[in-house]
Ligand code: SF4
């Protein structure tokens with residue numbers, strides 16, 4: 001491959017998605033409604049309201065770039081939207097989705113065609129228009145790290161106009177109800193520890209049991225528990241170990257108690 005790339009990254013072998021081609025539809029700087037304590041792409045340059053929108057439609061380059069890359073990867077598993085912040089902030093999200101969907105039909109895949117996947121931090125899902133857009137994706141990976149407002153604010157540092165965590169949990173319930181049955185919702189919870197005694201990490205037992213109750217309410221298809229894997233935005237945050245991840249999965253399984261929810265850690 002020898003051409004300039006504007007929208008795409010990778011593909012990378014992802015622990016969650018298999019071979020995944022990243023799509024960034026945001027500006028070159030990070031644009032997000034959160035400033036998560038563990039963010040692996042650094043502190044948020046521009047912390048914005050969930051009502052903030054940019055209008056950045058795909059240029060003709062997007063289709064060409066995607067086509068040029070995909071012909072080298074007929075075994076791709078996922079075309080994944082969501083780098084550099086919260087992708088639903090781009091008003092033109094579905095224009096990109098449409099092009100990706102069309103290009104996907106034009107490629108000859110050696111296995112089943114890749115999923116169109118969207119990462120969201122869930123902060124805009126209380127807006128019905130946004131849920132309408134998000135539910136078009138085959139797989140939605142929605143962030144939920146906390147189910148208590150204090151833990152939510154400490155962990156995700158949301159913009160002041162982001163609603164409280166109860167509202168976001170209710171939005172995830174609505175999203176799941178509204179999604180087509182052949183599309184899947186995955187809740188992703190990043191659980192971390194802290195070196196600072198005055199900073200309570202979200203691994204605390206009260207948050208974990210509330211999180212399990214929230215998941216029971218949302219009824220997602222998939223729950224993924226994971227932890228910090230790269231350099232976090234804040235030095236005092238670090239990864240929980242595998243034993244703790246397993247315990248958390250078991251605790252959630254016990255409370256959710258639903259065979260149709262696939263709960264795992266990585
Ligand atoms: S939501 Fe994602 S991009 Fe935004 S600050 Fe958190 S981890 Fe970083």
*Would you mind checking the tilt of helix 165-178 against the longest principal axis of the Cα atoms of the chain, expressed as 0 to 90 degrees and rounded to 10?*
50 degrees
*Relative contact order, percent, of the stretch 165-266 when contacts are C-alpha pairs under 8 Å separated by at least 6 residues?*
33 percent
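Return the inverse of the average 1/r over all pairs of distinct C-alpha atoms in the chain, which is the Kirkwood hydrodynamic radius, in Å to one decimal. Let's see the in-between values first.
Details: mean 1/r = 0.0528 Å⁻¹.
The Cα-based Kirkwood calculation yields 18.9 Å.
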_Using Cβ counts within 10 Å as a stand-in for footprinting exposure, how do 12, 73 rank, fewest first?_
12, 73
*Given a cut-off of 16 Å, what percent of all Cα-Cα pairs of the stretch 1-105 lie beyond it?*
59 percent
*Just from its helices, what would the mean residue ellipticity at 222 nm be for the chain, if runs of 4 or more DSSP H residues each count -39500 (n - 2.57) and the sum is divided by every residue, rounded to the nearest 500 deg cm²/dmol?*
-9500 deg cm²/dmol
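So what is the relative contact order of the stretch 8-265, in percent, for Cα pairs below 8 Å that sit 6 or more residues apart? Mind dumping the intermediate values first?
Details: 495 pairs, mean separation 47.7, N = 258.
Computed over the stretch 8-265, the figure is 19 percent.
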*asked:* To check you understand DSSP bridge types, tell me what percent of the beta bridges within the chain (both residues inside) are antiparallel, rounded to 5.
replied: 20 percent
*In range of the label at residue 127: residues from the stretch 139-159 whose backbone nitrogen is under 15 Å from the point 7 Å along Cα→Cβ*: 159
*Between residue 72 and residue 254, how many nm apart are label points set 7 Å from Cα along the C-beta direction?*
4.9 nm
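Based on the mean of other Cβ atoms within 10 Å per residue, sort peptides 176-188, 216-228 so the most packed one is first. All intermediate terms of the calculation are to be shown ahead of the outcome.
On the way: 176-188: 15.9, 216-228: 19.4.
Order by mean packing, descending: 216-228, 176-188.
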*Give the Rg (one decimal place) followed by the Dmax (whole number) of the stretch 155-198, computed from C-alpha coordinates and expressed in Å.*
14.6, 45
*asked:* What do you get for the angle between helix 93-106 and the principal long axis of the chain? Use alpha-carbon atoms, 0 to 90 degrees, nearest ten.
replied: 60 degrees
*Do me a favour and compute the ellipsoid semi-axes for the stretch 148-264 from its Cα gyration tensor, root of five times each eigenvalue, largest one first, whole Å.*
24, 18, 13
*asked:* Within a 10 angstrom radius of the beta carbon, how do 244, 5 rank from fewest other beta carbons to most?
replied: 5, 244
*asked:* Please arrange 129, 145 by how many other C-beta atoms lie within 10 Å of their C-beta, fewest to most.
replied: 129, 145
*Relative to the longest principal axis of the C-alpha atoms of the chain, give the angle of the C-alpha long axis of helix 242-256, reported between 0 and 90° and rounded to the nearest 10°.*
90 degrees
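Using a Förster distance of 22 angstrom, determine the FRET efficiency expected from the C-beta separation of residue 61 and residue 108, and round it to 0.05.
Numbers: r = 23 Å, r/R0 = 1.04.
After rounding, the FRET efficiency stands at 0.45.
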*Report the residues of the stretch 95-122 in range of a label on residue 19: point 7 Å along Cα→C-beta, backbone N strictly under 14 Å from it.*
108-115
*On a C-alpha basis, how far is the centre of the stretch 197-211 from the centre of the stretch 1-67 in Å? Whole number, if you could?*
30 Å
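No lab work stands behind these numbers, since they all come straight from the coordinates. What you see is a predicted model, and the numbers here were worked out from it, not measured in a lab. Don't worry about glycine lacking a Cβ; one is built from the backbone with ideal geometry, like all the others, and counts go over all protein chains shown.
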